[in-house]
Amino acid sequence: MPTTVAAGARASDFLLPDLGEGLTEAEIVTWLVSPGDIIAIDQVVVEVESAKSVVELPSPYGGRVQTLHGAAGDIVQKGAPLITVVPESVPPVAPAPADVVPGTALRGTVEPEATSSGAVLVGYGTKESTVRLQRPAGGRFGRGGGNAISADSTSGLGLLDPVRNSPVVSPIARKLAKDNGFDASHLLGTGLASLVVRSDVESAIAARTAGPAGMAPSSVLDDDLRIPVTGLRKLVATRLSESRRIIPEVTIWLDVDATELFNAKDRLQRSTGERFSITALIARFVVAGLLQYPILNASVSEDGAEIIQHRRINLGLAAQTPRGLMVPVVHDAHAMSTRELRDAIAAVVATSERGDFRPAALAGGTFTLNNYGGFGVDGSTPIINHPEVGMLGIGRVIERPWVVDHQLAVRSVMQLSFVFDHRVCDGDVASGFLTFVARCVEEPLLLLGNV
């Protein structure tokens with residue numbers, strides 16, 4: 001039986017809700033519905049990327065989708081319309097087939113009992129809904145019905161395959177591919193689990209425009225690539241500029257013999273049968289150091305008139321993700337055992353591979369630990385994560401000649417660098433903290449005297 005528009009039905013606009021953390025805009029990543037689709041209350045209709053995370057938004061209205069206000073890659077301001085939905089009267093739903101789980105609804109059907117949203121969105125209803133929907137076929141990375149480019153144009157290079165469905169998280173990569181006439185998901189990404197990153201798209205563009213000998217025409221070489229600064233990159237740029245403008249930062253560093261730390265890690269793993277990362281153990285030392293020097297677990301008020309010393313240690317961990325640099329936070333690190341801290345850091349590392357942190361996981365940090373040794377560098381002078389007042393960096397571990405008991409030996413050496421806000425403390429406090437952590441690295445049993 002066909003559906004009919006109810007007499008006097010009025011269209012409802014679903015506006016971009018408050019995403020929290022003072023965010024005022026978001027970028028459309030993927031539409032999960034199309035004009036003409038019938039949707040139910042609380043059905044996820046769009047994925048948007050804020051400066052914090054990628055968020056799936058459920059519609060507070062049910063009915064037929066009349067208009068999509070924007071395309072993938074467009075920026076939408078808070079309070080601006082996302083979709084327009086027209087209510088429809090729907091015939092009773094036929095009994096579900098035997099292979100359908102009771103309590104679920106088939107896609108494209110609406111249960112009349114649900115009259116308002118059960119999902120909590122700021123500015124929309126919170127009445128419990130009985131609707132239970134299955135995600136659209138293809139899931140988060142499902143391809144739409146857009147025009148797909150044939151693999152023939154780059155088949156010799158093996159870049160594009162129209163039957164491939166690689167994950168694409170970055171809206172910039174997605175839009176860049178679309179602007180150049182192909183679907184980014186048709187690439188075999190170089191990221192984790194074949195994730196397509198921006199460099200993959202740029203390589204495909206270069207391959208498509210290259211001549212027979214692999215050289216791009218001069219007209220292509222003369223065209224500069226303009227990449228809009230949006231979303232997370234825009235937030236990072238703003239915060240780093242603000243930090244460098246406001247904070248009089250100073251960096252100090254030490255080369256540290258980490259041989260005993262690696263020995264202690266091995267003994268710990270043998271005695272417990274569990275794995276412990278070097279980052280987790282150093283994080284344990286950092287928390288102990290902040291308890292010794294609490295002024296470094298602080299922030300400065302906006303007017304600069306007060307130093308706010310925080311009672312809770314919320315340890316941020318600088319992480320490179322498919323979406324860019326992010327600083328997820330291990331909250332209440334001071335209250336955790338070494339095992340609990342290890343598990344919390346492992347969860348951060350696992351989520352970093354996807355970059356889909358919830359906004360709450362990126363908020364409230366009081367001090368940051370940055371392990372850039374994984375990039376193969378010895379040291380760095382990082383920019384403080386404003387409004388924090390300090391950041392400890394860990395460089396790569398290499399074997400170096402080292403004097404031990406007046407004898408030359410080969411030891412595992414790393415560099416620790418510490419950047420601090422000179423408004424909050426002087427060099428004696430900063431040096432005290434850094435040397436405390438360094439001593440714990442060199443003599444891990446030293447921590448026992450401070451717990």
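The values are calculated or read from the model by the stated rules, or taken from the named source; none is laboratory data. Because the structure is predicted, anything quoted here is derived from the model rather than measured. Here the Cβ positions follow ideal geometry from the backbone for every residue, glycine too, while neighbour counts run over all protein chains shown.
Summary of values
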item	result
Within segment 239-287, tally of residues that are in contact with a strand residue (DSSP E or B) (Cβ under 7 Å, 6 or more places away or on another chain), part of a helix (DSSP H, G or I) and surrounded by fewer than 18 Cβ atoms within 10 Å (Cβ to Cβ)	1
Qualifying residues in segment 240-293 (those that are touching a residue at least 12 places away in the same chain (Cβ under 8 Å) and of a type in the set (D, E)) - the one nearest to M336 (Cα to Cα)	E274
Test: A333 is out of contact with any Asp or Glu (no Cβ under 7 Å at 6 or more places or on another chain) and free of Cβ contacts under 8 Å to residues at least 40 places away in the same chain	no
Residue selected from segment 7-24 under the condition modelled with pLDDT of 80 or more and buried (at least 18 other Cβ atoms within 10 Å of the Cβ), by the criterion farthest from the chain's Cα centre (by Cα)	S12
Restricting segment 193-208 to residues that are at negative phi and hydrophobic (A, V, I, L, M, F, W, C), the residue that is surrounded by the most Cβ atoms within 10 Å (Cβ to Cβ)	V196
Flag for R245 being at negative phi and at pLDDT below 80	no
Verdict on L416 being modelled with pLDDT of 95 or more, in contact with a Leu (Cβ under 6 Å, 6 or more places away or on another chain) and either surrounded by 15 or more Cβ atoms within 10 Å (Cβ to Cβ) or outside the structural domain of L291 (by TED's automatic domain parsing) (or both)	yes
Flag for D356 being acidic (D, E) and either over 17 Å from the mean Cα position of the chain (by Cα) or not assigned by TED's automatic domain parsing to the domain that holds G304 (or both)	no
Residue within segment 303-310 that is touching a residue at least 12 places away in the same chain (Cβ under 8 Å), more than 22 Å from E242 (Cβ to Cβ) and over 12 Å from the mean Cα position of the chain (by Cα) present	no
Residue count for segment 47-82, restricted to those that are modelled with pLDDT under 90, β-branched (V, I, T) and surrounded by 19 or more Cβ atoms within 10 Å (Cβ to Cβ)	3
Extreme residue, surrounded by the fewest Cβ atoms within 10 Å (Cβ to Cβ), among residues of segment 350-366 that are closer than 24 Å to S243 by Cα and of a type in the set (A, V, I, L, M)	A360
Whichever residue in segment 376-401 is touching a helix residue (DSSP H, G or I) at 6+ places or on another chain (Cβ under 8 Å) and over 24 Å from A298 (Cα atoms) and, among such residues, is surrounded by the most Cβ atoms within 10 Å (Cβ to Cβ)	G395
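Okay, residues lined up against (1) in contact (Cβ under 8 Å) with a residue 12 or more places away in the chain; (2) under 25 Å from I246 (Cβ atoms); (3) out of contact with any Phe, Trp or Tyr (no Cβ under 8 Å at 6 or more places or on another chain):
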residue: V348; (1), (2), (3): yes, no, yes
residue: T368; (1), (2), (3): yes, yes, yes
residue: Y372; (1), (2), (3): yes, yes, yes
residue: P382; (1), (2), (3): yes, yes, no
residue: H386; (1), (2), (3): yes, yes, yes
residue: I394; (1), (2), (3): yes, no, no
residue: R400; (1), (2), (3): yes, no, yes
residue: L408; (1), (2), (3): no, no, no
